[in-house]
Amino acid sequence: MLRKVIMAFLGASSALFGEIQTIDSLQEIAPHLKNSGSESLIVFDIDETLIISDNPAFQRANFEVHRPLVRELIQKLDPQRRPLLINTMFLVSNHLLIEEKSPSLIRNWQKQGIKTMALSSAMSGKIEGTDLMEMRLKNFSKLGIDFSSTFPNHEELTFPDHNVYYGASARFKRGVLHSNSCHQTTSGRPEKGEILIRFLKTVNYMPKKIFFADDKLELLQEVEKALQESHPEIKFIGFHYRGAVHFPSKILKPEEMKASWEKLIDKTNSLKDNF
């Protein structure tokens, strides 16, 4: 789950590419996995697909209600620091499962021999000494999500020349790949397709099918395009996940929304330069 803050909640409205369909629950992936095994890979986006902030102010329902307010508040943010905003959110809130059944679904698919992993645009390095990747893995552990068995011979990998930003680059650890590409939203460069292909080459694994669930339609399209260009033999099936839209959020009053977002923006503006 990371794009320009507003786009992170709005999603995309462009036309669907090939085999990309909208789903409201990860359970809807199951019928597509018939006869799938170790030659198939399921890739999950993380934020707004598997998990969501526990602060209602950072949940999609409240952004939709208070969109003008959030847009106004974001103007107080140093433009150079805007890619840091969603990542800073990790430091000021915990996370919840969007669907309580997600961990059991993932475990069941893993038991069927299907490979699973997570791929986020999130930063992979540190903010104020806190390692965002380690924080992610600890959060997954608390929520019962575990991708570590998928590529056991590759517990941790770094890609030093890929998406270098804020003192870090793309990084993989225990089944989770952070592309470190939050700053790419203004440049239009690839966020997930390029690093996914590079990762698969590094671990020497090319599946026959890739199933990819993400709440951002444009990122699914980007991954599909990258695969079509470099590995047309791989069948890609994308799932535009809309579960976060239906999450039962508490709708906040404007002053409550403003307080949380001002705190987040002040925190982001106070971060030391590491560009």
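Each value in this text was obtained by applying a stated rule to the coordinates, not by laboratory testing. Everything quoted here is computed from the prediction, not taken from an experiment. Every residue, glycine among them, receives a Cβ derived from its backbone with ideal geometry; neighbour counts consider all protein chains shown.
Quote to one decimal, in nm, the extra length available between residue 76 and residue 263 on full extension: 0.36 nm per residue of separation minus the C-alpha distance between them.
Full extension from residue 76 to residue 263 adds 66.2 nm.
Can you work out the Karplus-derived ³J(HN,Hα) for every residue in region 124-140? Use 6.51 cos²θ - 1.76 cosθ + 1.60 with θ = phi - 60°, whole Hz, and x for glycine or proline.
With coefficients 6.51, -1.76 and 1.60, one gets 10, x, 10, 10, 6, x, 8, 7, 5, 5, 5, 4, 4, 5, 5, 5, 4 Hz.
Quick one: of the DSSP bridges fully inside the chain, what percent are antiparallel, nearest 5?
The antiparallel fraction comes to roughly 35 percent.
How compact is the chain by the rule of thumb for globular proteins, expressed as Cα Rg over 2.2 N^0.38 Å?
Expressed relative to 2.2 N^0.38 Å, the Cα Rg reads 0.96.
Considering only DSSP beta bridges where both residues belong to region 113-191, give the percentage that are antiparallel (nearest 5).
About 75 percent, rounded to the nearest 5.
Read phi for every residue in region 198-211 and hand back ³J(HN,Hα) as whole Hz from Karplus 6.51 cos²θ - 1.76 cosθ + 1.60, θ = phi - 60°, with x for Gly and Pro.
5, 4, 4, 5, 5, 8, 6, 9, 10, x, 7, 9, 10, 9
Taking the Cα centre of region 69-108 as the origin, how large is its charge dipole in debye, to the nearest 20, when only Lys and Arg (+1) and Asp and Glu (-1) carry charge on their Cβ atoms?
Value, rounded to 20: 100 debye.
Please grab the % of Cα pairs in region 33-137 that end up more than 17 Å from each other.
Result: 64 percent of Cα pairs exceed 17 Å.
Excluding residue 251 itself, what net charge comes from residues whose Cβ is under 15 Å from its Cβ, given Lys and Arg +1 and Asp and Glu -1?
That sum, taken over residues with Cβ under 15 Å, equals +2.
Fully extended, how many nm does the chain gain between residue 208 and residue 92 (0.36 nm per residue separation, minus their Cα-Cα distance)?
Gain on stretching residue 208 to residue 92: 37.8 nm.
Counting only GluC sites (Glu not before Pro) that are in a DSSP loop and have at most 12 other C-beta atoms within 10 Å, tell me the longest site-free stretch of the chain.
1-99
Per 0.36 nm of contour for each residue apart, how much would the distance between residue 130 and residue 154 grow if the chain were fully extended, relative to their Cα-Cα spacing?
Stretched out fully, the residue 130 to residue 154 stretch lengthens by 6.3 nm.
Work through the residues other than residue 178 whose Cβ is under 13 Å from its Cβ and net out their charges, Lys, Arg +1 and Asp, Glu -1.
Summing Lys/Arg as +1 and Asp/Glu as -1 gives 0.
Mind jotting down the distance between the C-alpha centroids of region 131-147 and region 229-275, whole Å?
So the separation of the two Cα centres works out to 17 Å.
If you average the sequence gap of Cα pairs under 8 Å that are 6 or more apart and divide by the length of region 5-269, what percent do you get for the contact order?
In percent, rounded to a whole number, it is 32.
What FRET efficiency comes out for the pair residue 65/residue 246, r = Cβ-Cβ distance, R0 = 25 Å, nearest 0.05?
Using R0 = 25 Å, I get an efficiency of 0.95.
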